[in-house]
Amino acid sequence: MSNVERACAFLNEAQTYYLATAEGDQPRVRPFGTALVFEDRLYIQTGKVKDVSKQLAANPKAEICAFQGGKWIRIAGELINDDRREPKAAMLESHPSLKAMYSADDDNTQVLYFRNATATISSFTEAPEVFSF
Ligand SMILES: Cc1cc2nc3c(=O)[nH]c(=O)nc-3n(C[C@H](O)[C@H](O)[C@H](O)COP(=O)(O)O)c2cc1C
C-alpha cells in the first residue's frame, strides 16, 4: 500500500475525522467523513457555500485528525481545490450518500486534495510513524 493509500485507509476505517482550518488567528474544526485516493492524491469533499471552503480558499493550510483501533493519525498539509469533473464524479461514486445533496455538475460540489502532506500515526505504545505524500 502506498503512503497516500495508507492514510486514506486509516480515515475510511475511522469513518469520521476532524478537519481543522484557520480563520485568521482562530482555529476552526469540524467532523468530516469523505476521503478518496484519486490519481495518487488524497481528496476530500465539501460544499463551496460552507465556511470551511471559504477558509481554505483564503488559507489552504489544514490538518486532519482521526482515531481508530488504538491509534490516531494527524495529516498536516495544504488542501488544494480541483474543479475538474472527474475527481468530483469519483468522489460521489465512492460515497453514494452524497448524491442526495451534490452532483458533479452543480456549482457547489468541491473536492480538494492534499499537497505537501505529512502524516503521523501515533499510539500510546509504539513510536510514531511519519510519512509523506
Ligand atoms: C460524521 C460527519 C461527517 C461529515 N462529513 C462531511 C464531509 O465529508 N464534508 C462536508 O462538507 N461536511 C461534512 N459533514 C458536515 C460538516 O461537519 C458541517 O457542514 C460543518 O458545519 C462544516 O464546517 P463549517 O461550518 O466550518 O463550514 C459531516 C458531518 C458529520 C457529523
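Every number in this text was worked out from the coordinates using simple rules, so none of it is lab data. Worth saying up front: this structure is predicted, and the values here are computed from it rather than measured. As a convention, Cβ positions derive from the backbone with ideal geometry for all residues, glycine included, and neighbour counts pool all protein chains shown.
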* Structure fact -> Going through segment 7-25 in order, the residues found to be in a helix (DSSP H, G or I) and of a type outside the set (S, T, N, Q) are Ala7, Cys8, Ala9, Phe10, Leu11, Glu13, Ala14
* Asked: Considering only residues of segment 26-52 that are within 20 Å of Phe67 (Cα to Cα) and part of a loop (DSSP other than H, G, I, E, B), which is farthest from the ligand (Cβ to nearest atom)?
  -> Ala35
* Determine if segment 110-118 includes at least one residue that is within 21 Å of Tyr18 (Cβ to Cβ) and among the charged types (D, E, K, R). => yes
* Residue within segment 102-109 that is crowded, with 18+ Cβ neighbours inside 10 Å and either polar (S, T, N, Q) or near the ligand (Cβ under 10 Å from one of its atoms) (or both) present -> yes
* Output yes when any residue across segment 13-31 is within 22 Å of Ala89 (Cβ to Cβ) and without any contact (Cβ under 8 Å) to a residue 40 or more places away in the chain, and no when none is. => no
* Do the conditions hold for Ile73, that is, is it in contact with a Ser or Thr (Cβ under 6 Å, 6 or more places away or on another chain), farther than 23 Å from Asp25 by Cα and among the β-branched types (Val, Ile, Thr)? -> no
* Asked: When you go through Ser53, Ser94 one by one, which is the residue that is surrounded by fewer than 17 Cβ atoms within 10 Å (Cβ to Cβ) and among the polar types (S, T, N, Q)?
  -> Ser94
